[in-house]
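To start, the structure under review is shown below, and the notes come after it.
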Amino acid sequence: MSGRPPPAGVRARVPVPLALPDGTTVRGRLVTFEGLVDGREHLAVELGDPDREPPLVRLHSECLTGDVLGSERCDCGAQLAEALAQISAAGGVLLYLRQEGRGIGLYAKLDAYLLQDAGLDTYDANVALGFGADERDYTVAAQMLGALGRTSVRLLTNNPDKADQLVRLGIDVVACVPTGVHRRDANVRYLEAKARRAAHTIEVAR
């Protein structure tokens, strides 16, 4: 989708104390929405100074295996922890998007893992299952940012597609702030595929 999306609204803001990886606790505000085009329950996490401009923003796609279970096949859990800490310090918003497996869903992602074990990379595995290499559409992210009044942002990402889509959807991305490279023995092929196939701005040391 391109062009400014239909407006969404804030449904509720709920204060929640959040424990950061360094052991500190910060006051977060979880924001729910109405009117999102895909009807899913996406969530915003407001952290730090709410008036800081431009805010630091992270679009984080849900990853149960990495975010919750600590899987080392990806870098998602480490990126989530890093983003919460950075945004808390800088002031901004983390958008937690219900896009498991780059949009193909949890079970299909686990099926893709089996294909990766047989030799396919993370993108070709999705295609072999009948999906696009990356099914994610960030229209809802632009809607959420618009509802929050955050239409000019610093984007915490190594993924140029996130910035490109947001710009096409009417969000002013004034800068891209790189995340760390969270290399593990189990995710080297995954990280290399992200750099090679999707132009992620990372260097993966063997």
Rounded to whole Hz, the Karplus (6.51, -1.76, 1.60) HN-Hα couplings of the range 146-156, x for glycine and proline | x, 5, 8, x, 10, 9, 10, 9, 9, 9, 8
Relative contact order of the range 1-153, pairs being alpha-carbon contacts under 8 Å that are 6 or more residues apart, as % = 26 percent
In the range 82-177, GluC sites (Glu not before Pro) in a DSSP loop with at most 14 other beta-carbon atoms within 10 Å = 135
Cut-off 14 Å (backbone N to label point 7 Å along Cα→Cβ of residue 10), residues of the range 77-92 = 92
Largest fluctuation, 153, 93, 37 only, Gaussian network model of the chain with Cα springs under 10 angstrom, belongs to 37
Measure nothing but the geometry: give the 0 to 90° angle between the long axis through the Cα atoms of 188-198 and the longest principal axis through the Cα atoms of the chain, rounded to 10°.
-> 70 degrees
Amide H to amide H, which residues 5 or more places from residue 57 or on other chains are under 5 Å from it, using H placed in the peptide plane?
-> 93, 154, 155, 156
Separation between the residue 41 and residue 137 pseudo-spin-labels, each 7 Å from Cα along Cα→Cβ, expressed in nm?
-> 2.2 nm
When only DSSP loop residues count, what chymotrypsin sites (Phe, Trp or Tyr not before Pro) in the range 83-187 have their Cβ near at most 13 other Cβ atoms within 10 Å?
-> none
Along the Cα-to-C-beta direction of residue 32, a point sits 7 Å from the Cα; which residues of the range 43-64 have their amide N less than 15 Å from that point?
-> 43-45
Can you pull the three principal axis extents for the Cα set of the chain, in Å, largest first?
-> 48, 39, 29
5 Å binning of all Cα-Cα separations within the range 28-85, expressed as whole percents from 0 upward | 4, 16, 20, 22, 19, 14, 4, 0
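Read-outs throughout are calculated quantities, based only on the coordinates presented, and are distinct from any laboratory measurement. Just so you know, these numbers come straight off a predicted model, no measurement behind them. Neighbour counts are summed over all protein chains in view; Cβ atoms, including those assigned to glycine, are modelled from backbone coordinates with ideal geometry.
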